[in-house]
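**Student:** Let me begin by handing over the structure; questions about it come next.
The values are calculated or read from the model by the stated rules, or taken from the named source; none is laboratory data. The shown structure was predicted, so the numbers you read here are calculated from the model rather than taken from an experiment. Virtual Cβ from ideal backbone geometry, glycine too; neighbours counted across all protein chains shown. To get the accessible areas, we keep the full protein, side chains included, count just its heavy atoms, and leave off ligands, DNA and RNA. Shrake-Rupley method; radii C 1.70, N 1.55, O 1.52, S 1.80 Å.
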Amino acid sequence: MHSTVYYSHQDPANPESATNYELTRHQHQRWALLLCNRDDLDADSLLLELKRITGESRHTIKLAITAMEAMDNLPNLRIVQENHFFLSLAFLARIMEAVAQAEPSHWATLDVRIVERLTPRNPGEILPEAASIARQITMWIKELDSAFSGNTGKSSCTPHRDGEFLELRHRDGMTTFRGAISAIDGTRLHKALKSLSPTNLIDGLKKLLDAKAPVRITQYLYTPLVGGVSWIPQVGYLSQADSRRMCGLAEKVTEIDEVATRVESGYTPSALLRAYVVARDGTCRHPGCTISADLCDLDHVIAFDEGGPTTAWNLQCLCRHHHNMKTDGRLSADMTSVGDMRWIGPCNTAMYSTPQGPLAQEMPTGRWGQKMRARMDQRFAGIRARGLRI
């Protein structure tokens with residue numbers, strides 16, 4: 001990291017930054033010392049001893065173990081972390097869980113990319129959400145591994161199930177739906193029902209079943225011109241197989257780069273310009289907000305009635321809540337030449353947020369007697385297995 005750029009919680013002019021550094025360093029070094037010889041220790045006994053010594057919950061201890069796994073397996077990230085101590089244990093653990101989806105042969109490549117992504121470009125830049133970095137890592141794995149489809153996870157109501165399923169239970173005149181389908185199909189179903197009844201999905205379902213209304217939806221699929229994988233708002237980056245399948249369903253292909261510098265005459269951006277800004281931003285541009293860009297308003301950074309043009313460099317995606325905050329004057333914002341947003345809040349201190357969309361990427365054995373090393377290897381293998389379609 002260059003000395004002139006830093007994340008907002010590392011601001012050298014803010015005394016709180018020294019506290020942040022010391023607290024993170026202390027926690028990091030504490031667990032590094034406690035877990036330095038963990039690989040050959042009995043896993044259950046180690047967890048018990050650590051709980052006795054630290055008083056922390058099993059969840060906190062497991063999180064710390066995963067964070068130290070990141071330090072052991074991602075040497076470039078370790079160098080940056082031990083120089084700056086800018087990532088919490090929870091953040092490091094989230095990174096390792098995302099990396100563990102990939103074959104170990106890809107970890108070195110991911111390590112380099114993670115460090116590049118976690119290098120700020122502006123003084124006072126807001127640290128990305130750990131979930132955003134995890135999604136980025138998942139996208140990289142999809143680029144590197146044609147067999148990888150993404151971590152499907154488990155339904156919270158049916159923890160014993162993996163992958164897609166659908167159950168219908170009929171009782172006392174009512175039917176209960178329970179299931180999980182892919183984000184791609186779920187998004188398409190949601191759009192179909194909303195097209196039939198924008199305010200009541202049940203009415204939309206009834207119209208669909210009764211064939212009383214034609215169903216036709218518009219689903220934007222963003223695909224790079226060269227290499228990479230496709231992206232759908234609210235779904236994220238697709239696997240290589242899903243990218244090919246969805247591209248095969250496309251009825252129209254439009255080049256959105258042509259509007260990158262276009263200035264439009266009216267207040268409301270064209271559909272193509274909106275598509276460009278959504279692909280650049282990915283989410284609401286307020287620091288830390290993760291509302292999907294396609295659900296956001298398109299805001300003129302410099303107000304239209306004050307002479308602000310309707311063009312990509314003067315537009316940003318803002319959720320309604322943060323759009324209202326900006327309109328009310330509680331926040332002000334301007335955009336840099338590379339699409340970074342500079343925000344000024346009530347403390348009159350600049351904060352930067354970076355675009356998160358796909359377009360922005362184009363800019364600059366059983367548990368008994370189990371050793372801890374074996375347990376972590378087994379856990380990472382399980383994480384990866386849930387990301388493969390068998």
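**Student:** Tell me, please, whether a residue that is farther than 21 Å from LYS62 by Cβ, aromatic (Phe, Trp, Tyr) and open to solvent by 10 Å² or more (accessible area, probe 1.4 Å) can be found in the stretch 91-113.
**Tutor:** Checked against the condition, which is being farther than 21 Å from LYS62 by Cβ, aromatic (Phe, Trp, Tyr) and open to solvent by 10 Å² or more (accessible area, probe 1.4 Å), the stretch 91-113 yields no hits at all.
Each row is one residue, and each column tells you yes or no for (1) assigned to a helix (DSSP H, G or I); (2) touching a Cys at 6+ places or on another chain (Cβ under 6 Å); (3) within 29 Å of ALA250 (Cβ to Cβ).
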site	(1), (2), (3)
GLU167	no, no, no
THR176	no, no, no
ILE184	yes, no, yes
ARG188	yes, no, yes
LYS194	yes, no, yes
ASP203	yes, no, no
LEU208	yes, no, yes
ALA211	no, no, yes
VAL215	no, no, yes
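**Student:** Still on this model: Name the strands (runs of 3 or more DSSP E) wholly inside the stretch 299-361 in which the number of residues that are open to solvent by 30 Å² or more (accessible area, probe 1.4 Å) is 1 or more.
**Tutor:** On the way: elements: 315-318, 332-335, 341-344, 350-353.
Answer list for the stretch 299-361: 332-335, 341-344, 350-353.
**Student:** Still on this structure: Kindly indicate whether PRO120 is closer than 23 Å to GLN10 by Cβ, at pLDDT below 95, under 15 Å from the mean Cα position of the chain (by Cα) and assigned to a loop (DSSP other than H, G, I, E, B).
**Tutor:** No: the conditions fail for PRO120.
**Student:** Then there's this: Being touching a His at 6+ places or on another chain (Cβ under 8 Å) and either modelled with pLDDT under 95 or surrounded by fewer than 16 Cβ atoms within 10 Å (Cβ to Cβ) (or both) is true for just one of SER17, SER3, SER45, SER57. Which residue is that? Step through it out loud before you land on a result.
**Tutor:** Numbers: SER3 fails: touching a His at 6+ places or on another chain (Cβ under 8 Å); SER45 fails: touching a His at 6+ places or on another chain (Cβ under 8 Å); SER57 fails: touching a His at 6+ places or on another chain (Cβ under 8 Å).
Just a single option satisfies the conditions, and that option is SER17.
**Student:** Looking only at the stretch 71-85, count every residue that is open to solvent by 10 Å² or more (accessible area, probe 1.4 Å) and on the phi < 0 side of the Ramachandran plot and tell me the total.
**Tutor:** Counting residues in the stretch 71-85 that are open to solvent by 10 Å² or more (accessible area, probe 1.4 Å) and on the phi < 0 side of the Ramachandran plot gives 10.
**Student:** Quick one: is ASP257 open to solvent by 30 Å² or more (accessible area, probe 1.4 Å) and of a type in the set (Asp, Glu)?
**Tutor:** Here the answer is yes, as ASP257 does meet what is asked.
**Student:** Considering (1) out of contact with any strand residue (DSSP E or B) (no Cβ under 7 Å at 6 or more places or on another chain); (2) open to solvent by 40 Å² or more (accessible area, probe 1.4 Å); (3) in a loop (DSSP other than H, G, I, E, B), say which one ARG38 fails and leave the rest.
**Tutor:** Unmet for ARG38, out of (1) out of contact with any strand residue (DSSP E or B) (no Cβ under 7 Å at 6 or more places or on another chain); (2) open to solvent by 40 Å² or more (accessible area, probe 1.4 Å); (3) in a loop (DSSP other than H, G, I, E, B): (2).
**Student:** Among the residues of the stretch 278-288, is there at least one that is in a helix (DSSP H, G or I) and open to solvent by 30 Å² or more (accessible area, probe 1.4 Å)?
**Tutor:** No, the stretch 278-288 contains no residue that is in a helix (DSSP H, G or I) and open to solvent by 30 Å² or more (accessible area, probe 1.4 Å).
**Student:** Let me ask something else. Among (1) open to solvent by 80 Å² or more (accessible area, probe 1.4 Å); (2) farther than 23 Å from PRO128 by Cβ; (3) not in a loop (DSSP other than H, G, I, E, B); (4) not small (Gly, Ala, Ser), there is one condition LEU23 misses while meeting the rest; what is its number?
**Tutor:** Of the numbered conditions (1) open to solvent by 80 Å² or more (accessible area, probe 1.4 Å); (2) farther than 23 Å from PRO128 by Cβ; (3) not in a loop (DSSP other than H, G, I, E, B); (4) not small (Gly, Ala, Ser), the odd one out for LEU23 is (2).
**Student:** Which residues, counting only those in the stretch 321-354, are among the basic types (Lys, Arg) and touching a Pro at 6+ places or on another chain (Cβ under 8 Å)?
**Tutor:** Of everything in the stretch 321-354, just one residue is among the basic types (Lys, Arg) and touching a Pro at 6+ places or on another chain (Cβ under 8 Å), namely ARG330.
**Student:** Scan the stretch 195-246 for residues that are hydrophobic (A, V, I, L, M, F, W, C), in contact with a Ser or Thr (Cβ under 6 Å, 6 or more places away or on another chain) and surrounded by fewer than 17 Cβ atoms within 10 Å (Cβ to Cβ) and report the count.
**Tutor:** Number of matching residues: 1.
**Student:** Evaluate the following for ILE181: is it among the hydrophobic types (A, V, I, L, M, F, W, C) and at pLDDT 85 or above?
**Tutor:** Here the answer is no, as ILE181 does not meet what is asked.
**Student:** In addition: Scan the stretch 256-275 for residues that are assigned to a loop (DSSP other than H, G, I, E, B) and under 25 Å from the mean Cα position of the chain (by Cα) and jot them down. Show your work before the answer.
**Tutor:** Restricting attention to the stretch 256-275, the residues satisfying the condition of being assigned to a loop (DSSP other than H, G, I, E, B) are 260-262, 265-270.
Once the filter is applied, which keeps residues that are assigned to a loop (DSSP other than H, G, I, E, B) and under 25 Å from the mean Cα position of the chain (by Cα), the stretch 256-275 yields only ALA260.
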